[in-house]
Amino acid sequence: MSAESIGNISNIQKIEYSKLKNDSESGTPSEPILETVDDDAKVAQILFVDGKRYKLQHPGNRKALRWRQESISLTEGLNQDKLLDKFFKFCVKPVEHTFEPTLDVVEPNHVEVWLYIANRFLKWELE
């Protein structure tokens with residue numbers, strides 16, 4: 001095998017590696033990824049399963065507790081929609097895009113993921 005052939009193979013490997021690397025970086029995660037956390041300001045940034053980044057701003061302990069209490073009713077049971085509506089409106093901000101999630105526009109299979117994030121985030125139980 002000539003030196004030129006080996007050089008061509010090496011270039012092909014580099015190109016394939018960079019394609020794989022770019023595909024994995026631009027691919028959507030199978031679960032939300034916590035990217036940054038600022039404990040002082042109660043702010044976090046996540047990469048959601050839709051491939052978009054969102055900033056999460058904690059509303060404060062008093063509001064978070066009230067929202068969780070309002071989502072539980074002795075007569076109506078769980079009203080998770082109210083919790084998600086407030087979470088989307090006051091806590092979730094898009095990063096580097098303009099899509100603002102609401103309960104009406106997120107994909108149905110993402111609702112449970114957002115609900116999980118909302119409950120964990122409002123308790124400041126991030127991992």
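List the trypsin sites (Lys or Arg not before Pro) in region 20-126 that DSSP assigns to loop (not H, G, I, E or B) and whose Cβ has at most 11 other Cβ atoms within 10 Å. Which are they?
Nothing satisfies the criteria.
How high is the FRET efficiency between Gln57 and Ser30 when r is their beta carbon distance and R₀ equals 25 Å, given to the nearest 0.05?
0.50
Based on other C-beta atoms within 10 Å, arrange His110, His97, His58 from fewest to most.
With the fewest neighbours first, His110, His97, His58 line up as His97, His110, His58.
Bear in mind that the values in this text are calculations on the coordinates, not laboratory data. What you are looking at is a predicted structure, and each value in this text was computed from that prediction instead of being measured. Quick reminder, even Gly has a Cβ in these numbers, built from the backbone with ideal geometry, and neighbours come from all protein chains shown.
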